[in-house]
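Please treat every number below as a calculation from the coordinates, not as lab data. Small disclaimer: the values here were computed from a predicted structure and weren't measured. Quick reminder, even Gly has a Cβ in these numbers, built from the backbone with ideal geometry, and neighbours come from all protein chains shown.
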Amino acid sequence: MGKLISNELARACTELSHELRCQLGLLINRRGLIEQVIVGNGHELVLNDLSRLRLGNRLLRGVRLIHTHLHNEPLSQDDVTDLALLRLDLIAAIGVSANGLPVDVQVAHLLPPNPQGRVCDVMPVTPFYDFDLDCQKFVEALEAELARGKASHEVKVGHESALLISASKQSRADQEERLDELAELVRSDGITVLGTVVQRTPEIHPKYLLGSGKLKDVVIMALHKSADLLIFDQDLAPAQVRAIADLTEMKVIDRTQLILDIFARRAHSREGKVQVELAQLRYLLPRLSGKSTALSRLGGGIGGRGPGETKLETDRRRVRDRIGHLERELAHLTRHRDQRRARRVRHMVPIISIVGYTNAGKSTLLNALTDSTVPAQDRPFETLDTSSRRLRFPHEQEVIITDTVGFIRDLPQALVGAFRTTLEELRDADILLHLVDASAKDPSAQIKAVEDILAQLDLDHIPHLLVFNKCDRLPGHEADVLCRRYGAIGISALQPSSLTPLVDRLAQTMRARLTPLHLAPQMAPSLAALGASRERRP
């Protein structure tokens, strides 16, 4: 059990390999039992499906691969790649002599994380009968070292860790900015980022997104760092997910899945939960149907008339049924929302809607203007459910201020469709207060992303007021230059004294817009005394 392989078994393999003129491989478990026998060709082996030998929570797979090399050549790069990708205990190549006897042996094994960044160690070539290694003790010591290396990562208990990947034709600056945003999304979802991989390419690989060689390197890096997830910044087609999954047992998710997961965690109202589940199921359906097409091939003819639906087809039908149920429930919730909107219209109450990029500070501003306590944190997509509050101006004039879900560049279509009913509340707004994070690396890109989504929803015709928030994070002159450049107002939602210019502008704009409709004939031109006349109402 402790030896790499018995002399008798090794000789039998080399003699048979010599006779067949092809490589032979044995997958041997830690009890010394043979799990698989693999017959290759003259220069390589193709390993069979190892799904039965899953890693689970183990750091190594629990099997070693011993195979023959017809010309006594050393371990190849493909051998070492298989060792790393499959997390084998060991891999060994036994050379075959001209008369079919074992000649030399070479062994490679994984390494724990190290300053040099080496993944594997390839031992020197040794005459077979001189090679002496107690496999059992060696593998136990190696796994203990790997466990200590994994424990050195600062990953909170119960949290997953991930490697972030981007393959794009964009400029490096744009690509790195998107990766920074992805990292912020990942951390807000409670996942630890262990590293990033950036590849700029003239053409996106249709099968793997990255090239196959680069993808193998990425998977090996992720396994070496003990990452739980591969998270791609680009959206993956169902076929790409399947192709990447064929190379690794790690979980593979894309940007849309990540955002959907964040939404699922943050939705609190029934309507928000329905919309998120609907988006998740619509995203899942094509990926579910493509997971294993062989399962849905029901043969015809004699002996081929099937037993009914396969599990895959049953799952697909259940998903479609659930989508139909959620669509009906969402339509019912939408009717109630329309009734509330109709009541507001009948009472002729003006509406100001706060829109903007995610984490721009919309909920914080709503709280500052109305003395509310809407949940607000410095992380993306903290707010998913619409919040509305009344603000009473002088002379008893009232407006409703609403805060909705934040936008993000390349907002997944599944989410745009699911949240369309929520976002359509913006159609009733008299003014859109477009809030921008002044401290963002590229505020112009965020402004454009929001304007594109508003245009997509046919909301770009509504008057809007551009406001830069978090100006306290910039030197005074920089904030002033930024506001002059965009014709915007600069504020800090955390500093009530900075809100006076904004409230004055809102009062003037609302008065100019509503006076022709005789809705606000006595509205005061200035609302500097904001704190004395604000009223919070649910």
Structure shown: which of LYS214/LYS448; LYS137/LYS214; LYS216/LYS311; LYS207/LYS251; LYS169/LYS470; LYS273/LYS362 lie over 23 Å apart, alpha-carbon to alpha-carbon?
-> LYS214/LYS448; LYS137/LYS214; LYS216/LYS311; LYS169/LYS470
Along the stretch 271-281, what does the Karplus equation 6.51 cos²θ - 1.76 cosθ + 1.60 (θ = phi - 60°) give for ³J(HN,Hα), rounded to whole Hz, x for Gly and Pro?
-> 5, x, 5, 5, 5, 5, 4, 4, 5, 5, 5
Gain in length, LYS3 to THR201, computed as 0.36 nm per residue apart minus the alpha-carbon separation, to one decimal in nm?
-> 66.6 nm
For the stretch 7-151, just say rounded, prolate or oblate: build the C-alpha gyration tensor, square-root its eigenvalues into a ≥ b ≥ c, call rounded for a/c under 1.5, and beyond that prolate if a/b exceeds b/c, oblate if not.
-> prolate
Starting with the fewest neighbours, write out CYS22, CYS471 ranked by other beta-carbon atoms found within 10 Å of each beta-carbon.
-> CYS22, CYS471
Lys and Arg at +1, Asp and Glu at -1: neighbours of ILE5 with Cβ under 15 Å from its Cβ sum to -3
Proxy exposure order for GLU382, GLU143, GLU327 (fewest C-beta within 10 Å first) is GLU327, GLU143, GLU382
Report the antiparallel proportion of the DSSP beta bridges in the stretch 59-193 as a percent, rounded to a multiple of 5.
-> 60
Ordered by residue, what ³J(HN,Hα) values in Hz, to whole numbers, does the stretch 94-109 give under the Karplus form 6.51 cos²θ - 1.76 cosθ + 1.60, where θ = phi - 60° and Gly and Pro are x?
-> 10, x, 9, 7, 5, 9, x, 9, x, 10, 10, 9, 9, 10, 10, 8
Packing-based ranking, highest mean first, of 439-445, 182-188 given that Cβ atoms within 10 Å are counted | 182-188, 439-445
Within the stretch 161-262, percent of DSSP bridges classed antiparallel, to nearest 5 | 5
How much length, in nm to one decimal, is gained on full extension between ARG484 and HIS325, taken as 0.36 nm per residue of separation minus their Cα-Cα distance?
-> 52.2 nm
Can you list the residues, at least 5 places off or on another chain, whose amide H is less than 5 Å from the amide H of GLU160, using H built in the peptide plane?
-> THR192
Tally Lys/Arg at +1 and Asp/Glu at -1 over every other residue whose Cβ is under 11 Å from the Cβ of SER171; what's the total?
-> +1
Taking a crude spin-label model, label points 7 Å out from Cα along the C-beta direction, the HIS71 to GLN170 distance in nm is 4.7
